[in-house]
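Q: Here it is, the structure in full.
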Amino acid sequence: MRGAAPRIPKGSGRAVKKHETHPYTVMTVCTGNICRSPMGEIILRHEFEQRGLGDAVRVESSGVSDEEYGNPIDPRAVKVLRERGYAIPAKHFAHRITRNEIADTDLFLPMTASHMNALLHMLPLSKRSDVHMYRSFDPNLPDPQPGYESEIDLVDPWYGGPREFETAIDQIEEVAPYIADYVEQQLEARDQQGA
């Protein structure tokens, strides 16, 4: 089902070779690319670096809209990320996902069902199976029924305050290890195929 992630056992990651080819690319996607998707990018990048996969996996972020084009990460998101000890990139340039990014991405992680639907309209058919909602990797959440994918939306902190940003970062952090497990399995499969 679109949006639902393949279920994998917790902690199933294995040692992965460094890749001479392009790194496996993960793209987090939200509306304007200033809150949720850059938070996901930073947290996932940290997760992969902690696993020694910083060279094998590239994590990026984008939006489905260009309404925030050129803007930095929302200061409220920066604050909550710093409070949790994450390194903030020196420069962030909010943008709508590009054709080149679509071509280079191996795993698309929209934060909500509406982001997923917008993204699916932008992607060629060959890329649509690479789209999984961010929280669909949480083994504690049920797989949503078709048409009810919004039940696993990541909270939108934009109109809220510190509490909503705390909830958003909690949800992102909770799922990051499961996404990393999945990507490790994809890297291992790629290595076995000699990609």
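Q: Residue 18 versus (1) assigned to a loop (DSSP other than H, G, I, E, B); (2) at pLDDT 95 or above: which is the lone unmet condition?
A: Residue 18 satisfies every listed condition except (2).
Q: Kindly indicate whether residue 127 is touching a residue at least 24 places away in the same chain (Cβ under 8 Å), among the charged types (D, E, K, R) and closer than 17 Å to residue 166 by Cα.
A: So residue 127 fails the test.
Q: Could I ask something else about it? For residues that are at pLDDT 95 or above and acidic (Asp, Glu), tally how many sit in region 115-143.
A: Result for region 115-143: 2.
Q: Something else: Which residue pairs have Cβ atoms under 6 Å apart, sit 6 or more places apart or on different chains, and have a first residue in region 146-166 that is under 21 Å from residue 34 (Cα atoms) and a second that is acidic (Asp, Glu)?
A: 157/164
Q: While we're on this one: What are the residues in region 71-80 that are touching a Pro at 6+ places or on another chain (Cβ under 6 Å) and touching a residue at least 40 places away in the same chain (Cβ under 8 Å), if any? Spell out how you get there, then give the answer.
A: Narrowing region 71-80 to residues touching a Pro at 6+ places or on another chain (Cβ under 6 Å): 73.
Of everything in region 71-80, nothing turns out to be touching a Pro at 6+ places or on another chain (Cβ under 6 Å) and touching a residue at least 40 places away in the same chain (Cβ under 8 Å).
Q: I would also like to ask the following. List, please: which pairs have Cβ atoms under 8 Å, are six or more places apart or on different chains, and start with a residue in region 81-93 that is more than 15 Å from residue 62 (Cβ to Cβ) and end with one that is acidic (Asp, Glu) and surrounded by 15 or more Cβ atoms within 10 Å (Cβ to Cβ)?
A: So the pair list comes out as 84/173.
Q: Report yes if some residue within region 63-79 is under 28 Å from residue 189 (Cβ atoms) and of a type in the set (Ser, Thr, Tyr); otherwise report no.
A: Of region 63-79, the ones under 28 Å from residue 189 (Cβ atoms) are none.
Within region 63-79 (the criterion being under 28 Å from residue 189 (Cβ atoms) and of a type in the set (Ser, Thr, Tyr)), the answer is no, since none of the residues qualifies.
Q: Hey, can you tell me all the residues within region 143-194 that are surrounded by fewer than 20 Cβ atoms within 10 Å (Cβ to Cβ) and over 28 Å from residue 77 (Cβ atoms)?
A: 143, 145, 146, 147, 185, 188, 189, 190, 191, 192, 193, 194
Q: Sticking with this structure for a sec: Starting from residues that are polar (S, T, N, Q) and either over 14 Å from the mean Cα position of the chain (by Cα) or modelled with pLDDT under 95 (or both), keep the ones in region 144-195 and report whichever is nearest to residue 113 (Cα to Cα).
A: Start the filter on region 144-195 by keeping residues that are polar (S, T, N, Q), which leaves 145, 150, 167, 171, 185-186, 192-193.
Applying the additional criterion that residues be either over 14 Å from the mean Cα position of the chain (by Cα) or modelled with pLDDT under 95 (or both) yields 145, 150, 167, 185-186, 192-193.
Details: 145: 12, 150: 5, 167: 18, 185: 25, 186: 24, 192: 33, 193: 32 Å.
So, considering only residues that are polar (S, T, N, Q) and either over 14 Å from the mean Cα position of the chain (by Cα) or modelled with pLDDT under 95 (or both), the one nearest to residue 113 (Cα to Cα) is 150.
Q: Specify which of the listed residues (94, 113) is under 16 Å from the mean Cα position of the chain (by Cα) and closer than 17 Å to residue 155 by Cβ. Spell out how you get there, then give the answer.
A: Working: 94 fails: closer than 17 Å to residue 155 by Cβ.
Exactly one residue qualifies, and that residue is 113.
Q: So which residues in region 161-195 are in a helix (DSSP H, G or I) and among the small types (Gly, Ala, Ser)?
A: Answer for region 161-195, where residues must be in a helix (DSSP H, G or I) and among the small types (Gly, Ala, Ser): 168, 176, 180, 189.
The values are calculated or read from the model by the stated rules, or taken from the named source; none is laboratory data. These numbers were taken from a predicted model, which means no experiment stands behind them. In this analysis, Cβ positions are derived from the backbone assuming ideal geometry, glycine residues included, and neighbour counts consider all displayed protein chains.
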